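In what follows, a single structure is set out as structure tokens and then discussed.
Every number here is computed from the coordinates shown, using simple stated rules; none is lab data. Given the structure is predicted, the values throughout are model-derived calculations rather than measurements. With ideal geometry, Cβ positions are generated from the backbone for all residues, glycine too; neighbour counts draw on all protein chains shown.
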Ligand code: PRX
């Protein structure tokens, strides 16, 4: 190892790699990282050689800032790399995917387990791709996918990638308004859905919700419907097709699209600090390389390894590390249909004991839930397959980090805290498990090609130890192509606040060893259960209710979900500040934004604290919500009676 690390915090030495070939010392990591930034055209060709290129790229990247494009001149296919590459290498019989149903029998065994080898998965993918092509789907189109967590969800994603159509997966918990917004903004003519899904033992209807959305748009020409729960649905002749019938006539020899590197591979809608969710568009080759390489470097995934990423494939973590990352690595991905408290909180330990993953990738919110529910069940299961644990989505506090390593990992596994975001495509800052000494609570050091920096309140870059806004200084492989349909918003949101640098929206600290400690969001985004929610979106839904004059939403720390939504509401005269009004407002939020955004509490105020130019003082509201009082400079407050001195219950 190179220079010893400062002793400002507890440090865990990385264990020896279980296999030869893994990066195993910090000095080599630092050298490679420096090389990746200094000489990308020399560094990347070697790194990308393992992937299948219909045409090799001419360069690592061209252009700067929002115009940067990775691997120009190249042609590739994401699904071909995730499937055929392994089959061509003789690994067609390796398991690609193991899925288990939420429903269990009395002996806790799942009612259904489905397994697909690489060959079997490819067959399903290409048949569906051919069927979609027969419905008119072409390279460059967008296809919205609104499916529960079933094997057909990754199959549908891969089938789109096969054709060069961008998939737009919409979380199956979203209401029809959110679904409609995403179908329309993406311009999808085809939607893939199911009759319904299972969640917490109940059927969640999907096709009926899609029907509601489709009553309000003429954009969609074809709907593919998977039969999963058997619940009643209506099929509209000419528009709606059963998955099983389409796929039966699909051609398993349909060729893959040889798309250029910068071709859009998927859209993922995410909340920002203003307005409606934005469609983050990702390209093909940069995403493929960043995802494929981090699957190996962050999680040590090799062909035949088993990984369980607890993220729903509908979110970016699930896209990248439940679906593409494991498959690009030739590993087996474990996918679980339901919620992890079904039938009780020992479900995760059952899944690990049953499918024996070497890698478990999850969120601090889930680890905290496991801590709360006790260790008895965990200690009764065989978790000895686990070799590496990893975390994402929110800061993992040092005590939670230690519990995860000591109790779930029996003190032997590295814990890889990965920092990244929807826009990043794949993991950006994380410790190399066998090379980087880990500091609990720090995501540590950047991946190859990633150049994070901090910018202080004075707008200047922070040199050495310090804190500030986390920015990315140069293009990285998995970087977004932009915001779908909105190049202006793309530039304004990410590139213009600190000209030339990509603004992540997070604040962070860097210590004397160069380790990054991500502190949280700097903008009006709340992280509930690891999901991003924009305060503006929730406020928009609240003021849509007839009783509401004004509203402001803030995020407050919450042991269970990380951050909880707290809504302050000013009613129009004539409306009662009572539970009936509260319930009506909650319903409005659920129908427009979804259940994820349900507030922990709604508080009625006579007015909102504003400055003299009418801007709502969220800092005061947040402080008031947490402590019951406001401190600091309140001289800008227009109406000092806005916040009554009553002690809040939060
Ligand atoms: O605030 C950061 C937090 O999650 C945000 C990104 O959210 P999303 O786009 O939904 O993607 C989540 C999974 C990649 C970031 O801006 N975040 C993510 N990982 C970490 C984190 N905060 C602290 N530590 C992390 N490891």
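A few points about this structure:
- Taking each residue as 0.36 nm, the span from residue 251 to residue 407 lengthens on full extension beyond its C-alpha to C-alpha distance by 51.3 nm.
- Note on residue 41 and residue 607: their simple-model spin labels are 6.3 nm apart, each label 7 Å out from Cα toward Cβ.
- Per-residue ellipticity at 222 nm from helix content only, as computed over the chain with -39500 (n - 2.57) for each DSSP H run of at least four residues, stands at -7000 deg cm²/dmol.
- The distance from the alpha carbon centre of segment 241-297 to that of segment 117-163 is 10 Å, rounded to a whole number.
- Length-normalised contact order of segment 26-449 in % [C-alpha pairs under 8 Å, at least 6 apart]: 15 percent
- Tensor-based shape of segment 524-627 (alpha-carbon gyration tensor, a/c under 1.5 rounded, otherwise prolate or oblate): oblate
- Relative exposure of 269, 118, judged by other C-beta atoms within 10 Å (fewest first): 269, 118
- Each residue, residue 139 and residue 519, gets one label point 7 Å from its Cα in the Cβ direction; the gap between the two is 4.8 nm.
- R0 of 35 Å, Cβ-Cβ distance residue 615-residue 10: FRET efficiency to nearest 0.05: 0.25
- Look at the Cα gyration tensor of segment 458-535: its axes a ≥ b ≥ c give a/c of at least 1.5 with a/b at or below b/c, and that counts as oblate.
- Relative frequency of Cα-Cα separations exceeding 19 Å in segment 260-387, percent: 55 percent
- Overall form of the chain per C-alpha gyration tensor (a/c, 1.5; a/b vs b/c): rounded
- Between residue 626 and residue 52, the distance separating the two model label sites (each 7 Å from Cα on the Cα→Cβ line) works out to 5.1 nm.
- Segment 25-85: relative contact order in percent, alpha carbon pairs under 8 Å with at least 6 residues between: 27 percent
- Considering only Cα atoms, the convex hull volume of segment 423-582 works out to 154 Å³ per residue.
- D_trans [Stokes-Einstein, Kirkwood Rh over alpha-carbon pairs] for segment 378-475, 37 °C, 0.692 mPa s, µm² s⁻¹: 219 µm²/s
- Segment residue 216..residue 200, full-extension length gain: 2.8 nm, with 0.36 nm per residue of separation and the alpha-carbon distance subtracted.
- Relative to the current alpha-carbon distance between residue 598 and residue 512, full extension at 0.36 nm per residue lengthens the span by 26.9 nm.
- Computed E for residue 546/residue 235 - FRET, C-beta separation, R0 35 angstrom, nearest 0.05: 0.45
- Based on C-alpha pairs under 8 angstrom that are at least 6 apart in sequence, segment 195-257 has a relative contact order of 32 percent.
- Segment 136-268 - share of DSSP beta bridges that are antiparallel (%, nearest 5): 20 percent
- Residues 122, 489, 216 arranged by fewest to most Cβ contacts within 10 Å: 216, 489, 122
- Spin-label zone in segment 156-178 - amide nitrogen under 14 Å from a point set 7 Å from the Cα of residue 572 along the C-beta vector: none
- Spatial offset of segment 68-98 relative to segment 347-423 amounts to 29 Å, using the alpha carbon center of each.
- Computed from the C-beta positions of residue 59 and residue 579 and an R0 of 51 Å, the FRET efficiency is 0.25 to the nearest 0.05.
- Least to most buried among 454, 388, 88 (fewest other Cβ within 10 Å first): 88, 454, 388
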